[in-house]
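Quick notes on the structure that follows.
The values are calculated or read from the model by the stated rules, or taken from the named source; none is laboratory data. The shown structure was predicted, so the numbers you read here are calculated from the model rather than taken from an experiment. We place every Cβ from the backbone using ideal geometry, glycine too, and count neighbours over all the protein chains shown. Just the protein is used for accessible areas: all its heavy atoms, side chains included, with ligands, DNA and RNA removed. Shrake-Rupley method; radii C 1.70, N 1.55, O 1.52, S 1.80 Å.
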Amino acid sequence: MALHGFKEMIEENDTVMLYINFSTIIPIKVSETTMNKKGDKEVENIYQTKYGALKVSDLIGKKFGHRVDLSKGFAYALHPSPELWTKSLPHRTQILYSTDIAMIILQLELKPGCVVIESGTGSGSLSHSLIRTIAPSGHLHTYDFHQQRSEKARVEFEEHGLKDFVTCYHKDVCEEGFGLENTADAVFLDLPHPWKVVPHAKKSLKRSGGRLCSFSPCIEQVQETCEQLKENGFKEVNTIECLLREFQVRKITLPEFDPEFDPLDEKNDNSDNLPSEQDNQQKEDGQKGMKRKHTGSSIMEAEKKFVTGVPLTSMPGHTGYLTFATLPPILS
């Protein structure tokens, strides 16, 4: 099952995203049997959810997007995508989410055919989105110093049909570099000491120039990296932070602006002659949701109800800083 393409029907050995709700998305490999918890015997592949059991083999032959009946509810069998994989992948490290991923792909100016270097691989969240962007003619070189993480990522890429677009390396790039020169269009760094890799990144970028991005959670890392980028000839160095601000749709009431009302006019000063409740009558203004309270010829109040977006009082906090830079072409 390739995450960079699309097909209509579910087949055996495909990866299906079982959508239960927005916060519960489960990747399932479609097969009739699976290994038990001890790993010493094959048993029928039945997946348990909080809404009941699913016989996984029943998914074969059905369309992606199909509603799946569970013993105590239902779910949807969705086609896998990098975004859904990011929300459901097994976490081996902290991962990047769609907000930062979208900005990275935009700022690195990636397109089909680009060659990208990534370090480190981690859980492969960013890797899947990079591959979809540069496929079918591009290639991703991804590095991780942890052997088990690198091997697990390689297996996932093969299961997802992406092995032709990515090469995994088990390597400490801070000490050994990438081993590639004049190859990449862009470099992405997610490392504890990204400034140590800047000289290696410069060698790996094409002589025609390229873009670099470094993700760092601490501002001290950003400062060190920016100094190294400038020393190595990178231009257009800038750092941004992506914060997602959610708005809720609500119905609110606000005073309506009346250009004819002058608060300094003595006619509108009713402090000495306050009206009684019987004298105050609400009159319709001709528009739905708009009311005015009149006292003689003066306007006491004008309000309007309407639907708007209200920002939440709390929002997701800091994830990390994205530092971008450009290596200008070498003219000789």
Stokes-Einstein D in µm²/s, Kirkwood radius over Cα pairs - the range 133-216 at 20 °C with 1.002 mPa s viscosity
158
Under 17 Å from the Cα of Lys50 - lysines, other chains or at least 8 residues apart:
Lys72
Hey, can you find the accessible area per residue of the range 140-212 for me, probe 1.4 Å, expressed in square angstrom?
47
Mind counting lysine pairs for me in the range 109-245? Cα separation below 14 Å, and the two need to be 8 or more apart along the chain or on different chains.
4
Provide the packing ranking of 316-326, 37-47, i.e. peptides ordered by the mean count of other C-beta atoms within 10 Å per residue, highest first.
316-326, 37-47
Please list, in order along the range 202-208, the HN-Hα scalar couplings obtained from phi with the Karplus expression 6.51 cos²θ - 1.76 cosθ + 1.60 (θ = phi - 60°), rounded to whole Hz, x for Gly and Pro.
4, 5, 7, 6, 5, 5, 7
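Return the Rg/Rh value of the range 59-130, two decimal places, where both radii are evaluated on C-alpha atoms and Rh is the Kirkwood radius.
Result for the range 59-130 is an Rg/Rh of 1.09.
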Looking only at the range 66-193, where both bridge partners belong to it, what percent of the DSSP beta bridges are antiparallel (to the nearest 5)?
25
Determine one quarter of the surface area of the Cα convex hull of the chain, which equals its mean projected area, and express it in nm² to one decimal.
28.9
For Leu96, which sequence-distant residues (separation of 5 or more, or a different chain) have an amide H within less than 5 Å of its own amide H, given hydrogens modelled in the peptide plane?
Ser125, Leu126
So what is the accessible area of the range 1-122 per residue, in Å², with the probe set to 1.4 Å?
54
Output wanted: per-residue J couplings in Hz (rounded whole) for the range 37-47, from phi through Karplus 6.51 cos²θ - 1.76 cosθ + 1.60, θ = phi - 60°, x for Gly and Pro.
5, 6, x, 10, 7, 8, 10, 5, 7, 10, 9
Within 10 Å, Cβ to Cβ, of Val115, how many net charges do the neighbouring residues add up to if Lys/Arg are +1 and Asp/Glu are -1?
0
